[in-house]
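Here is the structure we will look at, set down as structure tokens.
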Amino acid sequence: MIHITERIAIDEDEIEEVFVRAGGPGGQNVNKVATAVQLRFDAACSPALDEATLARLRQLAGRRMTAEGMLVITARRFRTQERNRQDAYERLINLLRRAAEPGKPRVPTRPTAASRERRREAKLARGRIKHLRRPVEQPIE
């Protein structure tokens with residue numbers, strides 16, 4: 001079990017690891033050894049995540065989550081499989097921890113009297129500038 005928070009723990013069987021070849025530094029090793037790691041976690045079917053957490057995870061994951069709810073994390077920063085594997089797991093855990101904490105609710109506020117006055121003055125100044133751009137009317141003789 002991978003413990004994310006006190007109430008969220010994910011079974012290792014829910015995560016699928018695939019090792020692929022990675023570009024970048026590594027010399028001849030790049031063409032021989034599959035050092036990059038792809039973690040696949042089916043968040044939509046995971047019993048550990050509730051609907052609210054899943055919705056926040058979708059928002060945070062962006063393109064890393066498929067339409068079916070599969071979270072795909074690719075790690076290829078390091079030259080070894082093990083370091084990339086650790087990096088991918090750390091990124092998965094951090095993403096799930098961020099999704100687990102509920103967002104701060106927005107408290108609606110009203111604009112202050114001073115800010116309303118500044119807005120009105122700015123609008124008047126802008127209107128004066130536009131008025132000066134108008135063509136000068138010629139008197140009819």
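The values are calculated or read from the model by the stated rules, or taken from the named source; none is laboratory data. Everything numeric in this text was worked out from a predicted model, so none of it was measured. Neighbour counts are summed over all protein chains in view; Cβ atoms, including those assigned to glycine, are modelled from backbone coordinates with ideal geometry.
Quick one: count up the residues across the stretch 65-81 that are part of a helix (DSSP H, G or I) and either under 17 Å from Cys45 (Cβ atoms) or at pLDDT 85 or above (or both).
First, pick out the residues of the stretch 65-81 that are part of a helix (DSSP H, G or I): 81.
Still in the list and also either under 17 Å from Cys45 (Cβ atoms) or at pLDDT 85 or above (or both): none.
Selection size over the stretch 65-81: 0.
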Seminar exercise, completed: If we ask which residues in the stretch 92-110 are among the basic types (Lys, Arg) and touching a helix residue (DSSP H, G or I) at 6+ places or on another chain (Cβ under 9 Å), their number turns out to be 1
Exercise. Do we find a residue being farther than 25 Å from Arg7 by Cβ, surrounded by 12 or more Cβ atoms within 10 Å (Cβ to Cβ) and over 20 Å from the mean Cα position of the chain (by Cα) anywhere in the stretch 84-106?
Worked result: yes
For this session: Could you tell me whether any residue of the stretch 83-104 is closer than 23 Å to Val20 by Cα, in contact with an Asp or Glu (Cβ under 8 Å, 6 or more places away or on another chain) and in a loop (DSSP other than H, G, I, E, B)?
Result: no
Seminar exercise, completed: Filtering the stretch 41-53 down to residues that are within 10 Å of Gly69 (Cα to Cα) and surrounded by fewer than 16 Cβ atoms within 10 Å (Cβ to Cβ) yields Asp42, Cys45
Exercise. Is at least one residue of the stretch 109-132 more than 15 Å from Ile15 (Cα to Cα), in contact with a Ser or Thr (Cβ under 7 Å, 6 or more places away or on another chain) and either in a loop (DSSP other than H, G, I, E, B) or of a type outside the set (Asp, Glu) (or both)?
Worked result: no
Problem set entry | Within the stretch 32-83, considering residues that are more than 18 Å from Ile15 (Cβ to Cβ) and among the polar types (S, T, N, Q), the one nearest to the chain's Cα centre (by Cα) | Gln59
